[in-house]
Amino acid sequence: MTAITLKVLSVMVFVAMSTLIKASGELPTGQIAFYRSLFAILPIIVVFAWRRQLLQSFQTKHAFSHVARGVVGVIGMWLSFYGLTRLPLPEAITINYAQPLIVVALSAIFLGELVRAYRWSAVGVGFVGVVIISWPNLTLFSSPEGFGQKQALGAVALLCAALVSGIAMLLVRRLVKTESSATIVLYFSVTATVMSLVTLPFGWPSLTQGQLTCLVFAGICGGLGQIFLTESYRHAGMSVIAPFEYTSMILAIIAGYFVFGDIPTAYTIVGGAIVVGAGLFIIWREQHLGIPRGAARKLIPPQ
C-alpha cells in the first residue's frame, strides 16, 4: 500500500507538470526538457536537506549506472515530447499507456518478478479502459487523410518512448537496492539538464513571463514526482506499481475540465470506472496474497 500510495502521488504531480507544460504553449522539446530538469533540482535539494541526506546524495560507487539511467530517461523524455507535437492528444495519451504493459513484461523477464495471470489481466483491462476513454477522439484511422507521415513518426516515437521509459524504470528498480533516492533523483536531473542544454544552438525562443512561470513550476513538480516514484520502487515490485500509471488518465480528465474546460463524455466515465476498477483489483489481490505470505514466513524458523 505504501508503494501504491507513493506511485499515485507521483502520478498526481506528473499530471500537474504536464498541465503546466501544455499551458506554456508550443516550445522546442529540448528547451522544455531543460527547464523541467533544472528546476527539478530545487525540491530535491530542499527535501533531502530537510532529511539530512543531501551530502550523502552526492556520494556513489555507481556513477556509470546513474549516467546510463539519466541518458535513457532523457531520450524517453525527448521521444515523448516529439510524439506529442505530431499527434492529437487522445492518440498520444493512448499510445503512452502501453508503458505499464511493457514495464510488467520487463520486470518479469529481467528482474524475475512473478507476474500471475490476475495481474496481467488487470493491466490489460486497465488499458482497455483507456482506449474506451479515448475512442471518440481517435482520428488517425477515421480521418480522410489517413495515417500521415508526421503522425506515423509521432506514433513510432511514443511507442519507443514507452519502451525506453520501461527500461529506465528497470534501471531505477536496480539502483534502489544500493543507492538512496536522493542520489538517484539528483544524478538524473543533472544528467537531463546537461543533455538538454546541448540543444540550445538549435534555437530557443525567448519566453514570456507566463511561459517561464509554467516551466519553472513544471520542473518543481517533476522533481517531486521523481522523488515519489523512486521511493515507491523500494516497497513493491514494478509489476505491482506499473498499472497505477493508468490513474493519470482520470486525473488528466479532472485537470482538463477545470483548467482547459474539457467536458468528460460517457466514454470517459465508463472507461474511467474500468481503469479505477483494475487498480483496485490489484490492491485487493496483493493484500489477499499478503495474508498467506505472512503466515508462511511465521512457519519458517529463524536462521
> Here are some residues: Ala108, Ala182, Ala161. Which one is crowded, with 22+ Cβ neighbours inside 10 Å, touching a helix residue (DSSP H, G or I) at 6+ places or on another chain (Cβ under 8 Å) and either modelled with pLDDT of 80 or more or under 23 Å from Gly279 (Cα atoms) (or both)?
Replying inline: Ala161
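Output the residue which, of all residues in the range 46-66 that are of a type outside the set (S, T, N, Q) and surrounded by 15 or more Cβ atoms within 10 Å (Cβ to Cβ), is farthest from Val185 (Cα to Cα). Write out each step before concluding.
In the first step, residues of the range 46-66 are kept if they are of a type outside the set (S, T, N, Q); the result is 46-52, 54-55, 58, 61-64, 66.
When the remaining residues are screened for being surrounded by 15 or more Cβ atoms within 10 Å (Cβ to Cβ), the result is 47-48, 54, 62, 66.
On the way: Val47: 11, Phe48: 11, Leu54: 11, His62: 14, His66: 9 Å.
Out of the qualifying residues, it is His62.
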> Within the set of pairs 6+ apart or on separate chains, which have a first residue in the range 113-127 that is part of a helix (DSSP H, G or I), a second that is crowded, with 20+ Cβ neighbours inside 10 Å and hydroxyl-bearing (Ser, Thr, Tyr), and C-beta atoms under 7 Å apart?
Replying inline: Arg119/Ser239; Gly126/Tyr246; Phe127/Tyr97
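Would you check if there is a residue in the range 204-213 being at pLDDT 85 or above, within 18 Å of the chain's Cα centre (by Cα) and of a type in the set (Val, Ile, Thr)?
The first filter runs over the range 204-213 and keeps only residues at pLDDT 85 or above, leaving 204-213.
Checking the rest, the ones that are also within 18 Å of the chain's Cα centre (by Cα) come to none.
No: the range 204-213 contains no residue that is at pLDDT 85 or above, within 18 Å of the chain's Cα centre (by Cα) and of a type in the set (Val, Ile, Thr).
I need a count of the residues in the range 3-45 that are among the basic types (Lys, Arg), closer than 12 Å to Phe81 by Cβ and either modelled with pLDDT of 90 or more or surrounded by 19 or more Cβ atoms within 10 Å (Cβ to Cβ) (or both).
Keep residues of the range 3-45 that are among the basic types (Lys, Arg), which gives 7, 22, 36.
Now narrow it down to the ones that are closer than 12 Å to Phe81 by Cβ: 22, 36.
Retained after the next criterion (residues that are either modelled with pLDDT of 90 or more or surrounded by 19 or more Cβ atoms within 10 Å (Cβ to Cβ) (or both)): 36.
Residues meeting the conditions: 1.
The values are calculated or read from the model by the stated rules, or taken from the named source; none is laboratory data. If you're wondering where the values come from, they're calculated on a predicted model, not measured in any experiment. Glycine gets a Cβ as well: all are built from the backbone with ideal geometry, and neighbour counts include every protein chain shown.
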